[in-house]
Amino acid sequence: MALVRLLGTDLVLCGPEVERYCRDWHGDVTTGAVAVVRPRSTLEVSEAVRAIRSLGLQIVPQGGNTGLVLGGTPDQPASQVVVSLERMTAIRRIDADDFSAVVEAGVILSEFKDRVEEAGLYFPLALGAQGSCRIGGNVSTNAGGINVLRYGMTRELVLGLEVVLPDGSIFEGLSTLRKDNRGIDLKQLFIGAEGTLGIITAVAFKLAPPAEKVATALLGLGALSDAITLYRRARRDCCDLMSAFEFMPPVAFTLAQEAMPDLSLPMSGDYPAYVLMEISGSGLVDIDDLMQRFLEGVMEDGLVLDGVIASSRSQAKGLWLFREGMNEGQAKRGAHLRTDVSVPLSRLPEFVEKAEAEIAARLPDCLCVSYGHVGDGNVHLNVLPPGGLTREDVAQRIYTAKGIVNAVLDGFGGSISAEHGIGRLKKPDFLARVPPTQLQLLTAIKQAIDPAGIMNPGCQLNSGADS
């Protein structure tokens, strides 16, 4: 084929080998592509973009293919080429004195975190898929995760970027400067753009001191609304040492044990709501004492009904397994609605209560599973249809549930995407809600950088004509 002639057999995959790059993370969607190109360097990415463009084809950039909104899944098999960054795995440098690192887009997140730890530093981005997601995808989707509360989204961790643009030219912006006020910060255009403006090939990150001391607690509460009160107390008493504050429903333990039967319940009782809380620090701060004194106070006040504090790193990992296993348990029950929404923090319990009530009224045979990040108002309100339904019936329930959740969300002034992005899956809902002036600006940026509309068509806005 023409791409092989232009780029060589080492870079281009065709035929059956393409299939694994055209299936989404959950296996719900399988498509196809003309070919898959796997460059090994930024220069080869540039050459690949020029070659694909010259053939009148379009590009779908892809990292670890762990996204949840079909942002890296081609949808036009006859005209799209997947450009996979999986072979660009160099960690170019880690500078302990500068608290920074420069890493290529194909590096797996957990491997990067391990290398940073070996250098005596810490990279705080933490995701359930960190064993397979890749750095470029993390930046392209502005990934969130469990440490957003303390360290912010991926955007807050990026110092500089290297990007191959739609014409094959290279934006060289791998600065590690903390302060650089020379006009518009161009790197921000590509963070969260999901590959619609260019292909991120390398990233400069800021690093943090290692969290040498960590205290993790699982707490049982009388109501989800108590989680907001507890969070307010924790922010006051633990300040910026709090690194995670997650809420989970009682069914989380059932789902986790369905996925991981060896998990044992860490505490007795069946409370209406649970919080998984973590504080961390280093140096002279006594983290264990801080956690103990904080919990003594909130339990005396009746805000926390029961709780367990991990006595070791392995026990802490065991507590987090319930949070992670809950997701696997939901997947085992089959196709379901996965949402990623955000509302004002103070209204989170009200939103969950109203949305779940409306789901129960209209879809009484479905199970709601609401969990997420209390500290940033991010809720994953998932809806699981019952077993034994036809594929069509499951799809109809998912469609109805999504409409219910989004309608309630609109009333709260919330966002349909807190951390997963827009991709192809959420594009219709996004375009139905984006204000006209915002759409005009986004379209103008897309047309200025990618006038031919070859970068990840079908994702987010595409081109001006598509929008």
Any chance you could run the full-extension gain for Ala360 through Ser282? It's 0.36 nm times the residue separation minus the Cα-Cα distance, nm to one decimal. 23.5 nm
With R₀ set to 22 angstrom, the calculated FRET efficiency between the beta-carbons of Met267 and Glu328, to the nearest 0.05, is 0.55
I want to check the label-to-label distance for Ser225 and Gln396. Put each point 7 Å from Cα in the C-beta direction and report it in nm to one decimal. 3.7
Averaging over every viewing direction, what projected area does the convex hull of the Cα atoms of the chain cover, in nm²? 22.9
What residues have an amide H closer than 5 Å to that of Tyr122, excluding those fewer than 5 places away on the same chain, when H is modeled at 1.01 Å from N in the peptide plane? Ala208
Estimated FRET transfer efficiency (Thr30, Gln76; beta-carbon r; R0 22 Å; 0.05): 0.95
Using a 1.4 Å probe on heavy atoms of the protein chains only, the accessible area for His26 in Å², nearest 10, reads 70
Counting only the heavy atoms of the protein chains, how much of Leu303 is accessible to a 1.4 Å probe, in Å² to the nearest 10? 20
Rounded to whole Hz, the Karplus (6.51, -1.76, 1.60) HN-Hα couplings of the stretch 85-92, x for glycine and proline: 8, 5, 9, 8, 10, 7, 9, 5
Report the one residue of Ala215, Ser314, Gln440 whose Cα lies farthest in the direction of the positive end of the charge dipole of the chain (charges on C-beta: Lys and Arg +1, Asp and Glu -1; origin at the Cα centre). Gln440
Rounded to 0.05, the calculated FRET efficiency for the beta carbons of Ile184 and Glu156 at R₀ = 22 Å is 0.75
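Ordering Ser314, Ser417, Ser243 by how much accessible area each has at a 1.4 Å probe, largest first, what is the list?
Sorted by accessible area, descending: Ser314, Ser417, Ser243.
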For the stretch 229-286: accessible area per residue (Å², 1.4 Å): 45
Calculated from DSSP helices alone, with each H run of at least 4 adding -39500 (n - 2.57) and the total divided by the residues of the chain, [θ]222 nm to the nearest 500 comes to -10000 deg cm²/dmol
Per-residue SASA entry for Lys213, accessible area with 1.4 Å probe, Å² rounded to 10: 70
In terms of solvent-accessible area of protein heavy atoms at a 1.4 angstrom probe, what is the ranking of Leu68, Leu13, Leu439, highest value first? Leu68, Leu439, Leu13
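Using the structure shown, select from Lys402/Lys427; Lys332/Lys427; Lys402/Lys426; Lys332/Lys402 the pairs with a Cα to Cα distance greater than 18 angstrom.
On the way: Lys402/Lys427 14 Å; Lys332/Lys427 27 Å; Lys402/Lys426 11 Å; Lys332/Lys402 20 Å.
Over 18 Å apart, Cα to Cα: Lys332/Lys427; Lys332/Lys402.
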Considering the zone a paramagnetic label at Met1 would reach in this model (a point 7 Å from Cα along the Cα-to-Cβ line), which residues of the stretch 14-46 have amide N under 16 Å from it? 14-23, 31-39
When a/c reaches 1.5 or more, the comparison of a/b and b/c decides; with that in mind, is the stretch 281-334 rounded, prolate or oblate per its Cα gyration tensor? oblate
Can you list which of the DSSP-assigned H helices in the chain have a Cα extent of 27 Å or more along the long axis and an average Kyte-Doolittle score of at least -1.0? 391-411
What full-extension length gain, to one decimal in nm, is calculated for Gln440 and Met260 as 0.36 nm per residue of separation minus the Cα-Cα distance? 60.0 nm
Identify, among Gly160, Gly120, Gly192, the residue whose Cα sits farthest towards the positive end of the charge dipole of the stretch 112-241, taking +1 on the Cβ of Lys and Arg and -1 on the Cβ of Asp and Glu, with the dipole about the Cα centre. Gly120
Mean accessible area per residue over the stretch 71-190 (1.4 angstrom probe, all protein chains present, square angstrom) is 42
Going Cα to Cα from Lys179, which lysines come in below 21 Å? Please leave out same-chain ones fewer than 8 positions away. Lys187, Lys206
When the chain is fully extended, how far beyond the present Cα-Cα distance does Leu431 get from Ser169, taking 0.36 nm per residue of separation? 91.3 nm
Between Gln58 and residues 5 or more places away or on another chain, the pairs with built amide H atoms under 5 Å apart involve Gln80, Val81
From the phi of every residue in the stretch 67-82, what ³J(HN,Hα) in whole Hz does the Karplus formula 6.51 cos²θ - 1.76 cosθ + 1.60 yield, where θ is phi - 60° and glycine or proline is x? x, 10, 10, 6, x, x, 10, x, 10, 10, x, 7, 9, 10, 10, 7
Cβ charges +1 (Lys, Arg) and -1 (Asp, Glu), total dipole of the chain, debye: 1080
Report, by chain and number, residues whose modeled amide H sits under 5 Å from the one on Ala35, excluding near sequence neighbours (fewer than 5 apart, same chain). Val82
So for the stretch 319-428, what are the equivalent ellipsoid semi-axes in whole Å, largest first, each being the square root of 5 times an eigenvalue of the Cα gyration tensor? 21, 17, 14
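The values are calculated or read from the model by the stated rules, or taken from the named source; none is laboratory data. Remember, predicted model here, so these are calculated numbers, not experimental data. Reconstructed Cβ throughout: ideal geometry from the backbone, glycine too, with neighbour counts over all protein chains shown. The protein model used for the area step is the full one, side chains on, heavy atoms only, and it has no ligands, DNA or RNA in it. Shrake-Rupley method; radii C 1.70, N 1.55, O 1.52, S 1.80 Å.
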